Amino acid sequence: MATALITGATSGIGSAFAEELARQGHNIVLVARDTVALAKIAQQVRGQGVEAEILAADLADPDQLNAVAARLADAERPIDICVNNAGLGVREEFATSSVAEEQLMIDVMVTAVMRLSHAVLPVMLNRGTGAIINVSSIAGWLPGGTYSAAKAWTTVFSESLHAKVEPQGVHVIAVCPGYTRTQFHQRAGMNMSKVPSWMWLTPEQVVSEALKDARSGRVWSVAGRLYKGLGFAARVLPNAITRRVMAGR
């Protein structure tokens, strides 16, 4: 049975990946900070008849990040699918947020994605098979502070790896969702009440589209017609226009 490792696996898109990949028969390695939540999702996964391994780790902590990287680099227990999903947001604008908050975003959404991809890739290339699924955001195509910049990095990083390793049997894809009903905004203290209901995706929609696009060999996955259109527009419109739109001018 194939094995998938998922970061940020206890809620939202991460737990949806865990449940769907378990349903498809993959053993699961669950990575997150909250041991109680990890135990809960592990129980749900095992109910699908697969194995669930728990790896409690804060990816912003170098030693704990090293532990996850070591698990990914273990050729005796190979990981077939690595889902880099862990992320966070900051409510304040860059000028008023703390440096610690901004650095935390970079640590989790850039450094950890790079380190974990670097750890698992040699094993996958040696076996000639595997997939790295990096959860980015449609925000990565828009100018929106450190969060957008981190997601832009994730998308470009995924594109560059895709071009290099796809011919060798390893697939890399950037998943770029729009607004998705998770605990992400609540944890960041963001008031999203003004976002209309028709703009929201479910985690299951994002995951279903991502896995379908990964099987098809795509470099990006964008769920929903609305966000497919917005993503296309963000990529083709001149940067001057998207900057003005994001600035509200």
Positive minus negative residues near ILE132 (Lys, Arg vs Asp, Glu; Cβ under 15 Å): +2
Count the lysine pairs in the chain whose Cα atoms lie under 25 Å apart, taking only pairs 8 or more positions apart in sequence or on different chains. 7
Residue by residue through the stretch 36-53, which ³J(HN,Hα) values in whole Hz follow from phi under the Karplus form 6.51 cos²θ - 1.76 cosθ + 1.60 (θ = phi - 60°), with glycine and proline marked x? 5, 5, 4, 5, 5, 5, 4, 4, 5, 5, 5, x, 8, x, 10, 8, 10, 9
Using the Karplus equation 6.51 cos²θ - 1.76 cosθ + 1.60 (θ = phi - 60°), what ³J(HN,Hα) coupling, rounded to whole Hz, does each residue of the stretch 105-119 give in order, writing x for Gly and Pro? 4, 5, 4, 7, 9, 10, 4, 5, 4, 5, 4, 6, 5, 5, 6
Amide H neighbours of VAL29 at under 5 Å, excluding residues fewer than 5 places away on the same chain, with H built from the backbone geometry, are ALA4, LEU5, ILE6, GLU53
Springs between alpha-carbon pairs under 10 angstrom, Gaussian network model over the chain: which of GLN44, GLN64, GLN24 fluctuates most? GLN24
Residue with peak Gaussian network fluctuation, the chain [Cα springs, cutoff 10 Å], from SER148, SER97, SER208: SER97
Neighbourhood net charge (15 Å Cβ-Cβ; Lys/Arg +1, Asp/Glu -1) for THR146: -3
Contour excess over end-to-end distance, with Cα ends at ALA2 and GLN44 and 0.36 nm allotted per residue: 13.3 nm
Extended-chain gain in nm, criterion 0.36 nm per residue less alpha-carbon gap, GLU92 and ARG225: 44.9 nm
In a Gaussian network model of the chain with springs linking alpha carbons closer than 10 Å, the residue among ASN27, ASN66, ASN134 that fluctuates most is ASN66
Accessible area expressed per residue, the chain, with surrounding protein chains retained (probe 1.4 Å, Å²): 49
Summed side-chain charge close to ALA223 - residues other than ALA223 whose Cβ falls under 11 Å, Lys, Arg +1, Asp, Glu -1: 0
Report, to the nearest whole %, how much of the accessible area of the stretch 25-111 belongs to carbon and sulfur atoms, 1.4 Å probe, protein only. 51
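The values are calculated or read from the model by the stated rules, or taken from the named source; none is laboratory data. Values in this document were obtained by computation on a predicted structure and should not be read as measured data. A quick note on method: Cβ atoms are made from the backbone with ideal geometry, for glycine too, and the neighbour counts reach across all protein chains shown. Note: areas computed on protein heavy atoms with side chains; ligands, DNA, RNA excluded. Shrake-Rupley method; radii C 1.70, N 1.55, O 1.52, S 1.80 Å.
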